[in-house]
Amino acid sequence: MVNLLPSTGTLLGVILLARHGDRLDFFQDPFTYDPSATELTPLGTAQEFQLGTFLRSTYLNPKNPSTFITNISTDLANIDQLIIRADAAGEGNIILESAMALLSGLFPATHNFNTTLANGTTVVGALGGYQYVPIESVEPNLDISLNSFTSCPNFDVHTLAFYNSSEFKAKAQEAAPFLNKLQPFAGNRSIDFTNMFNVFDFVNVQMIHNKTFFDSLPPTFAAQTQALGNFHEEGVFTDNEAGGIGNVAIRTILPSIFTSLTRIANESDPLKLALNQISYKPFISLFNVTQASANHPEIEGIVNYAAVVSLELHKSPAGSPTVFLKFKNGTTEDNFRPLPMFGSAGIPLNEFIERLAPVAINTTAEWCKACNQTTLRGCSA
């Protein structure tokens, strides 16, 4: 059963931000966050399919009137009602493949996907009526919106400043005895605290896929590694100011969120659901700029595989529709949890946009200026 927010009106539509599923070993440069390629695992596809099934039961089920998206096509996907985008950055195809798996749960195969030929024969689509919902592959060199933190010199400066901060140095000193104990289990990963994400990621992947490692790692080590990884990434992908470069990962996604919510609010527009399939970084920045993590510090840091954020737009009898933020941290959680934005359970759409529009990065040219990038990713133009 879905965890509901109080006093919500008719659900007009939703914006979804979903993390990819389980993958194999991965490395990203701790100073530039340039990634290496990796592969989505069968577990990762199952997680995303499970997420899609959950979203279907939540938003496409007329038996749940408080969370059913009004007038959405529930059986056959109506592509006019959908926007599906997937980050196609350097990890390989794992994010795009995750979106495919999620959609197979959100709009599963149906015999209603069929056609009757001139000779009277009825043909059901391939694979029992599998629905091939279009996905926009967002290429980072053509569109900076879903991956705006790489090739961004000012973001690199921000990252280095965090590594040189007294807070970071104190945490590194505190963590050193534990990391020395972890060293024999860290493979060839450096245990320098600047490399903490890669240490965490190695341990996390091994704990999922390597039984020998799982059996040999001391009981508390995985949780301690995760906590240190969370501290590391929270510091890199947040900023003291909402408009700071540390929040760039979400600042470039905000314009598409505004546009989609505004379209959904216009009931003559067919749009009902927009999905952005992404990495974990924009989640951290989103929780920071909306102040959601201020009251819920447990959500800070790296979200789990197949985590999802939903921005629900509910009709309001008093003017502007209301935006509510919900979060489900992967397949280990059964339900959405509501999160406050700016201290409120829900805020009017016009206020949501007014608060966040000043920090949004709307164009490639604005990103080039914010990042101090002059040559790469279209900035030379």
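When the Cα positions of N198, T110, T225 are compared along the charge dipole of the chain, T110 comes out farthest toward the positive end, with charges on each C-beta of Lys, Arg, Asp and Glu. Under a Gaussian network description of the chain, with springs only between Cα atoms under 10 Å, the residue in E333, E233, E139 that fluctuates furthest is E333. Note on the stretch 157-236: Cα-only Rg and Dmax are 12.7, 40 Å.
The stretch 60-102 and the stretch 254-288 have Cα centres lying 12 Å from one another. Residue separation of H111 and E139 scaled by 0.36 nm, minus their Cα-Cα distance, works out to 6.7 nm of gained length. In this label model, E174 and F31 are separated by 2.7 nm, measuring between points 7 Å along each Cα→Cβ vector. Under the convention that each Lys and Arg Cβ holds +1 and each Asp and Glu Cβ holds -1, the size of the dipole of the stretch 157-236 around its Cα centre is about 180 debye.
Cα centroids of the stretch 9-49 and the stretch 316-381: 18 Å apart. Under the simplified labelling scheme, the T374-N154 pair shows an inter-label distance of 1.5 nm, with each label point 7 Å from Cα along Cα→Cβ. Here the Karplus curve 6.51 cos²θ - 1.76 cosθ + 1.60, taken at θ = phi - 60°, turns the phi angles of the stretch 12-26 into couplings of 7, x, 9, 10, 10, 10, 10, 7, 5, x, 3, 9, 7, 3, 8 Hz, with x standing for Gly and Pro. One decimal place: the segment V123-E39 gains 26.8 nm when fully extended, by the rule 0.36 nm per residue minus the C-alpha distance.
Can you tell me how the stretch 1-101 classifies by the Cα gyration tensor, rounded, prolate or oblate, using a/c under 1.5 as the rounded cut? Because a/c hits 1.5 or more and a/b exceeds b/c, the stretch 1-101 counts as prolate.
When the chain is treated as a Gaussian network with alpha carbon springs shorter than 10 Å, the biggest mean-square fluctuation among H158, H314, H20 belongs to H158. Annotation for T262 and N78: the two label points, set 7 Å from Cα along the Cα-Cβ direction, are 2.3 nm apart. The lysines whose alpha-carbon is closer than 24 Å to the alpha-carbon of K63, local same-chain residues fewer than 8 away aside, are K272, K315, K326, K328. For the stretch 175-197, the residues whose backbone nitrogen is under 11 Å from a point 7 Å from the Cα of F221, taken along Cα to Cβ, are 179-187.
Straightening the chain between E241 and D269 buys 6.6 nm, computed as 0.36 nm per residue apart minus the Cα-Cα spacing. Helical runs (DSSP H, four residues minimum) scored at -39500 (n - 2.57) apiece and divided by the length of the chain put the mean residue ellipticity at 222 nm at -11000 deg cm²/dmol. Under 5 Å from the amide H of D29 lie the amide H atoms of D34, each residue being 5 or more positions distant or on a separate chain, with H modelled from the backbone and absent for Pro and chain starts. Here mean projected area of the Cα convex hull in nm² was computed from the coordinates, and among (1) 56.8; (2) 21.3; (3) 17.9 the match is (2). Say R0 is 45 Å: what FRET efficiency, to the nearest 0.05, do D192 and N350 get from their beta-carbon distance? The value I calculate is 0.45.
Among T67, T252, T115, the largest mean-square fluctuation in a Gaussian network model of the chain, built with springs joining Cα atoms closer than 10 Å, belongs to T115.
Here, each number is a calculation from the coordinates, and none is a lab measurement. It should be emphasised that the depicted structure is a prediction, and the values quoted were computed from it without experimental measurement. Backbone-built Cβ (ideal geometry, glycine too); neighbour counts: all protein chains shown.
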